[in-house]
Amino acid sequence: MPKPCLLLQLRPEDSAADDEYFAILRASELEREQMVRVRMDQRFPDLELDDYAAVIVGGGPSNVSNPDAKKYDYQLEFEPKLRLLVAEIVRRDLPYLGACYGLGMLADVLGGKVGSENYGESPGAQTIELNEAADDDPLLRGLPRTFRAFVGHKEACQAVPPDAVLLAGSAGCPVQMIRVGQHVYATQFHPELDGNGLALRIETYRHAGYFDPAEADYLTELGHKESITVPMEILRRFGARYLGGPAR
């Protein structure tokens with residue numbers, strides 16, 4: 001049996017964590033047996049990268065750039081272990097896809113600047129623009145040069161991290177997708193997220209400081225009006241290339 005994908009999650013809320021898991025499965029067109037799910041907020045077991053064909057790190061309320069005094073207790077537990085794991089992924093050039101926090105952790109490992117000074121975005125859709133480096137990239141080749149994707153983050157890369165190739169940006173956040181080596185990718189946007197998933201996250205994190213709580217219903221309504229397809233295609237291509245998912 002081919003090696004599975006390792007999904008590392010950091011959402012402590014069961015509903016949001018479950019929705020993220022199933023959304024990644026749907027978008028990547030992988031089966032449950034092709035993905036090993038680890039909720040780092042609960043426990044970070046000893047992991048051997050030789051057991052996995054690829055690694056996906058999702059998003060959540062944790063921020064890489066927060067000082068330790070402002071980090072969640074579970075974040076203080078998993079983050080040092082995750083940092084070592086991501087450094088090894090980069091060294092091996094093991095297939096990796098980080099989303100939101102997964103980008104922040106990768107950038108931090110590379111020695112990049114991740115912070116909340118600039119480029120935070122409220123929950124909702126933004127227009128992502130691919131650059132020329134994306135033209136020959138296996139996950140992006142042939143996709144529309146601009147597309148809509150859902151975002152929502154307090155921190156962001158303040159510049160392209162060292163040793164990374166910028167693949168996409170947006171007007172409000174210049175680092176939206178990078179590649180390191182040949183197989184390590186990360187996005188600031190959420191490639192798995194649709195309107196229903198966005199609505200759940202808006203409700204879950206209504207009082208987490210991402211937006212004015214009074215705007216929750218308005219942001220949800222805007223999200224349902226969007227047609228988001230290209231980000232899921234990126235995730236599907238990742239699954240097809242590295243995990244034996246359906247090819248097209």
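Proximity of backbone amide H atoms, modeled 1.01 Å from N, is registered between ALA54 and LEU6 at under 5 Å, excluding neighbours fewer than 5 places apart on the same chain. Between GLN42 and ASP135, what's the calculated FRET efficiency when r is the beta-carbon distance and R0 is 41 Å? Round to 0.05. E between GLN42 and ASP135, to the nearest 0.05, is 0.50. Out of all DSSP beta bridges with both ends in the chain, state the antiparallel percent to the nearest 5. The antiparallel proportion sits near 55 percent. The mean sequence distance of close C-alpha pairs (under 8 Å, at least 6 residues apart), as a share of the length of segment 1-93, puts its relative contact order at 38 percent. Averaging the Cα positions of each part gives two centres, and for segment 200-229 and segment 42-95 these lie 27 Å apart.
When the charge dipole of the chain is built from unit charges on Cβ atoms (+1 for Lys and Arg, -1 for Asp and Glu) and taken about the Cα centre, the candidate among TYR74, PRO174, PRO138 whose Cα reaches farthest toward its positive end is PRO138.
Remark: segment 163-180, residue by residue, has Karplus-estimated 3J(HN,Hα) of 6, 9, 9, 6, 10, 7, x, 8, 4, x, 8, x, 10, 9, 7, 9, 10, 10 Hz, where x stands for each Gly or Pro and the curve is 6.51 cos²θ - 1.76 cosθ + 1.60 at θ = phi - 60°.
GNM on the chain, alpha-carbon springs under 10 angstrom: the most fluctuating residue among GLY209, GLY112, GLY60 is GLY209. With a ≥ b ≥ c taken as the square roots of the eigenvalues of the C-alpha gyration tensor of segment 41-157, please select rounded if a/c is under 1.5 and otherwise prolate if a/b is larger than b/c or oblate if it is not? Oblate is the answer for segment 41-157, as a/c is 1.5 or above yet b/c matches or exceeds a/b. Placing unit charges on the Cβ atoms only, positive for Lys and Arg and negative for Asp and Glu, gives the chain a dipole magnitude near 400 debye about its Cα centre. When each of TYR242, TYR119 is scored by the number of other beta-carbon atoms lying within 10 Å, the sequence from fewest to most is TYR119, TYR242.
Is segment 5-243 rounded, prolate or oblate when judged by the Cα gyration tensor, a ≥ b ≥ c being the square roots of its eigenvalues, rounded requiring a/c under 1.5 and prolate requiring a/b larger than b/c? Note, shape of segment 5-243 comes out rounded. The relative contact order of the chain comes to 23 percent, based on Cα pairs under 8 Å that sit 6 or more residues apart. Spin-label model, ASP50/GLN182: points 7 Å from Cα along the beta carbon direction are separated by 2.2 nm. Taking other residues whose beta carbon is less than 14 angstrom from the beta carbon of VAL109, and scoring Lys, Arg as +1 and Asp, Glu as -1, yields 0.
Once whole DSSP H runs in the chain are found, which of them have Cα atoms spread over 24 Å or more along the helix axis and a mean Kyte-Doolittle score of at least -1.0?
TM-like helix candidates: 73-92.
None of the figures in this text is laboratory data; all of them are computed from the coordinates on show. From a predicted model like this one, the values you see are computed outputs, not experimental measurements. Reconstructed Cβ throughout: ideal geometry from the backbone, glycine too, with neighbour counts over all protein chains shown.
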